[in-house]
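A.B. asks: Structure provided below as structure tokens; questions to follow.
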Amino acid sequence: MCVNNQDWPTAFRHLTLSLLLAWFLGWLFNNSLVAISLTLGVFLAWHWFQLHRMQKWLLNQNNVEPPESRGIWGSVFDDIYHLQRRQQKAQSRLKAVIQRIEDGTAALKDGVLMVNSQGNLEWWNQAASQLLGLKESQDIGQPITNLVRAPEFKAYFDASQYGDPLEMPSPANGDVQLQFQITLFSQQDRLILCRNVSHIKQLEAMRQDFVANASHELSTPLTVISGYLETFLDHQDTLPPRWGRALKQMHQQSQRMESLIEDLLMLSRLETSQLKDHSQVNVPNLLNELQLDAIALSGDKQQQIEIDAQWVDIVGVSSELSSAFGNLIFNAVKYTQAQGSIKVRWWQDDEGLHLSVLDNGPGIDSPHLPRLTERFYRADASRHAETGGTGLGLAIVKHVLLRHEGHLQIESTLGKGSCFTCHFPLSRLTHLGHKT
Ligand code: ADP
């Protein structure tokens, strides 16, 4: 409480004068002690009375005006009153700001939720109520994982790794697809944003269906064309000689189109179908088979293709893993020069299961690395013309790994070579491995 200091000397002067007067009157009537005690008593009673008034005033919320008083108490009442007014103004300013924020978040189409460090729901906006089916009266203070009851949400929330958003159906309406993005703030408090992404998902599904249908429809006529071209080539000697080169090129191009369609169909299967047929995949055996194909592809390039595999299995889909590992090994064969070396390693450690394909080929310039898994992205267009790739290989690898909870790491130095490593979590291990 701020008291006007100038009043203290006046108050002190008043007290001194009153005591002197009491002493004088007491001396006149020969009883100074009683007179001084009486004066002090009155003085104390006056202050007691003012204290009582102040308490009454402070307790009475409706009466904003302070009680009338003189001297030091008048000054105290005024100071408290001004302090109160200042606080009221600051309070209304804050209330207006909060109201504006609430109005703003209420107008948002996306759900916003605040969760404290214990994981309990503290606040949410109107959109969150609709998207998640929350009720203010009963859900405030409840653990968020009890309100959004889905194992994938609990796992995402507890993991505290919020780099990527989580997509899942709404607990309030299974037809609505939601995307959750969590941000940590303050002391492990969380701000959760949830968006309705059903529309985007529908468009994505339409795009995937279109690519799948178009590829499927193209595949049959192309097989017929390629079949006829093969027959013509088989009887090349009966045809005019100038047709030979044209037929060969047409056959080559039709084969390229076939592999392109095959890759597009594979990608759309990976994107749309659920992961099924989980089984124990014997990776060393799979790599031995791929090694034979790689040697055949290498042809007369005389490359050294080595496999070093620990006897460790993985839980997954054999055909998908074979396609992913095959893409990496065949890329190494395609892009590495004659007499080059390709080393394939499969091992397990404390962090998980890993497959690396290392080559001493031309390498890739670092600006290309983050974009290599995009569809049809090629680091070097001229190189691609020689190898005849589809530009979809690494996109397939990325999707297969995603379906196996894994991820792809690419390291490369221009002129020295590349290393593509697939990482899988330990949960994909079927049994403890031992070296072959
Ligand atoms: P593509 O069918 O063109 O090989 P990918 O998706 O498999 O398509 O690969 C994308 C691009 O990455 C390739 O065009 C190539 O430029 C580059 N690339 C992939 N693997 C290697 C490698 N082992 N060495 C050098 N470049 C590579």
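A.B. asks: Helix hunt in the chain: which complete DSSP H runs extend at least 15 Å axially by C-alpha with mean Kyte-Doolittle at least 1.0? Before the final figure, lay out the partial values.
C.D. replies: Numbers: long enough: 7-28 (32 Å, 0.80); 32-59 (41 Å, 0.84); 71-107 (54 Å, -0.60); 198-234 (53 Å, -0.06); 242-272 (46 Å, -0.73); 283-298 (21 Å, 0.71); 318-335 (25 Å, 0.34); 393-403 (16 Å, 1.28).
What comes out of the filter, once short or polar helices are dropped, is 393-403.
A.B. asks: In addition: Of Ser366, Ser137, which has the most accessible area with a 1.4 Å probe, and how do the rest follow in descending order?
C.D. replies: Working: Ser366 75, Ser137 105 Å².
Result of the area sort, largest leading: Ser137, Ser366.
A.B. asks: To continue, here is another question. Which entries in Lys154/Lys398; Lys334/Lys416; Lys248/Lys301 show an alpha-carbon gap greater than 19 Å? Show your work: numbers first, answer last.
C.D. replies: Details: Lys154/Lys398 25 Å; Lys334/Lys416 16 Å; Lys248/Lys301 23 Å.
Correct reply: Lys154/Lys398; Lys248/Lys301.
A.B. asks: What shape does the stretch 108-196 take by its C-alpha gyration tensor, where a ≥ b ≥ c are the square roots of the eigenvalues and a/c under 1.5 counts as rounded, a/b above b/c as prolate, and the rest as oblate? Intermediate results must be reported in sequence, preceding the final value.
C.D. replies: Numbers: a/c = 1.42, a/b = 1.11, b/c = 1.28.
Rounded, because the longest to shortest axis ratio a/c is under 1.5.
A.B. asks: To the nearest 10 square angstrom, what accessible area does Thr421 show with a 1.4 Å probe?
C.D. replies: Probe radius 1.4 Å; accessible area of Thr421 about 10 Å².
A.B. asks: Counting pairs of alpha carbon atoms under 8 Å apart in space and at least six apart in sequence, what relative contact order in percent does the chain give?
C.D. replies: Details: 610 pairs, mean separation 40.8, N = 436.
Taking the mean separation of contacting Cα pairs over the length of the chain, I get 9 percent.
A.B. asks: With every protein chain in place, what's the accessible area of Glu102 (1.4 Å probe, Å², nearest 10)?
C.D. replies: Using a 1.4 Å probe on the heavy atoms, I get roughly 80 Å².
A.B. asks: Mean-square fluctuation check for the chain, GNM, Cα pairs under 10 Å: which of Gln142, Gln181, Gln91 is largest?
C.D. replies: Of Gln142, Gln181, Gln91, the most mobile in the Gaussian network model is Gln91.
A.B. asks: So for Phe325, Phe49, Phe420, Phe29, what's the accessible-area order with a 1.4 Å probe, most first?
C.D. replies: Sorted by accessible area, descending: Phe29, Phe49, Phe420, Phe325.
A.B. asks: Mind jotting down the distance between the C-alpha centroids of the stretch 259-274 and the stretch 161-206, whole Å?
C.D. replies: Taking the Cα centre of each part, the stretch 161-206 and the stretch 259-274 sit 26 Å apart.
A.B. asks: Roll a 1.4 Å probe over the protein chains and send me the accessible area per residue for the chain in Å². Don't jump to the answer; show the numbers that get you there.
C.D. replies: On the way: 27050 Å² over 436 residues.
Here the per-residue accessible area is 62 Å².
A.B. asks: Determine the share of the chain's accessible area contributed by carbon and sulfur atoms, expressed in whole percent, with a 1.4 angstrom probe.
C.D. replies: Result for the chain: 56 percent of the exposed heavy-atom area is carbon or sulfur.
A.B. asks: A further question on this structure: Can you tell me the alpha carbon radius of gyration of the stretch 17-168 divided by the globular rule-of-thumb value 2.2 N^0.38 Å?
C.D. replies: Rounded to two decimals, the normalised Rg is 2.08.
A.B. asks: While we're looking at this one, here's another question. Which longest run of the chain has no exposed loop site in it, a site being trypsin sites (Lys or Arg not before Pro) in a DSSP loop with at most 12 other beta carbons within 10 Å, and the site itself not part of the run?
C.D. replies: Here the longest segment lacking exposed loop sites spans 277-415.
A.B. asks: Here is a follow-up. Past 30 Å, Cα to Cα: identify those pairs from Lys89/Lys135; Lys56/Lys95; Lys95/Lys135, in the order given.
C.D. replies: With Cα atoms farther than 30 Å apart: Lys89/Lys135.
A.B. asks: Using modelled backbone amide H atoms (1.01 Å from N, in-plane), which distant-in-sequence or interchain residues come within less than 5 Å of Leu353's amide H?
C.D. replies: Phe424, Leu426
A.B. asks: Can you tell me how the chain classifies by the Cα gyration tensor, rounded, prolate or oblate, using a/c under 1.5 as the rounded cut?
C.D. replies: Values: a/c = 4.15, a/b = 3.36, b/c = 1.23.
It comes out prolate by the Cα gyration axes.
The values are calculated or read from the model by the stated rules, or taken from the named source; none is laboratory data. Since the model is a prediction, treat every value here as computed from it, not as a measurement. All Cβ positions, glycine included, derive from the backbone under ideal geometry; neighbour counts span all protein chains shown. These area figures cover heavy atoms from the full protein model, side chains too; ligands, DNA and RNA do not enter into them. Shrake-Rupley method; radii C 1.70, N 1.55, O 1.52, S 1.80 Å.
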